[in-house]
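Only one structure is covered here, and it is reproduced in the block below.
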Amino acid sequence: MPSFATGKKAYFISDRSGFRYPYSSMKIEWTGAAVGPDEFEPKHPQLNPRRHAADPQGLRLAKVDRTEPSVIQLLRPNCFQSGSSGSSVITVTEPSHGRSTSDSVRFRKVNGFDGFTKATLELSSGYNITVIDENTYTITISGESATVGGIRGGGEFSTVDTGTSVAPSPGSTFDNTNVKLDSTTRTFDEG
């Protein structure tokens, strides 16, 4: 492997000024220019900026803030109580319901009792309520009234949710009378 001379008696010519300097005092700038020690200029810090990552603007695994949908609540067994005989007011017991007067509620899986039918209690548009306390509220049933009065009922598995949900229309469901199998394409056709 070849070795180079030390250059203790050699000179070099500066790339910047053209002056002669001893070879041992030569400095190489960041541009690659060989210059004398009095001409040497270090690289300016702005020419070598620090690597800068993008500004953190979003959160990892962020979720959109939203209003939670209502959740169907299972009511206690026989939570409905009819008013006096001939009254259309029903008192509903739902512990810690957190509802306000004029809120709308809708009941499902209710059994008819004391002159009130299942269909009327499960009205799809729901009922506006009048709050009595944090555990009870009343609803008013139109067209039906209590026959005896003061009777508890409603069944074992009654549920309640907000009355703002829209029930699916009967036209959007399929039944076995209007669906037939198309054997050539192996698909079900309505009609």
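Every number here is computed from the coordinates shown, using simple stated rules; none is lab data. Everything numeric in this text was worked out from a predicted model, so none of it was measured. Cβ: placed from backbone, ideal geometry, glycine included. Neighbour counts: every protein chain shown.
Here the Karplus relation 6.51 cos²θ - 1.76 cosθ + 1.60, evaluated at θ = phi - 60°, turns the backbone of the range 64-76 into coupling constants of 6, 6, 8, 7, 5, x, 5, 10, 5, 9, 7, 8, 5 Hz, with x for every Gly and Pro. Once amide H atoms are built 1.01 Å from N in the peptide plane, which residues 5 or more positions from residue 147, or in another chain, come under 5 Å H to H? Residues meeting the criterion, in which the H sits 1.01 Å from N, are 86, 115. The largest-to-smallest principal axis extents of the Cα set in the range 1-128 are 125, 37, 23 Å. Which log10 I(q)/I(0) values does the range 73-162 give at q = 0.22 Å⁻¹ under the Debye formula, counting every alpha carbon as one identical point scatterer? The Cα Debye sum returns log10 ratios of -1.07. Bridging of residue 43 to lysines at a Cα separation below 18 Å is possible for 27, once same-chain residues fewer than 8 apart are set aside.
Overall, the ratio between the Cα radius of gyration of the range 46-106 and 2.2 N^0.38 Å, rounded to two decimals, is 2.58.
Find out how many positive minus negative residues lie around residue 88, taking Lys and Arg as positive, Asp and Glu as negative, among other residues whose Cβ is under 12 Å from that of residue 88. That sum, taken over residues with Cβ under 12 Å, equals -2. Only Lys, Arg, Asp and Glu carry charge here, each on its Cβ (+1 for the first two, -1 for the last two); on that basis the range 1-156 has a dipole of about 1040 debye about its Cα centre.
Each label was represented as a point 7 Å from its Cα along the Cα-to-Cβ direction; for residue 28 and residue 76 these points are 8.9 nm apart. Once the mean of 1/r is taken over each pair of separate Cα atoms and inverted, the range 71-125 shows a Kirkwood hydrodynamic radius of 12.4 Å. Over what distance in Å are the Cα centres of the range 81-100 and the range 104-129 separated? Result: 11 Å between the Cα centres.
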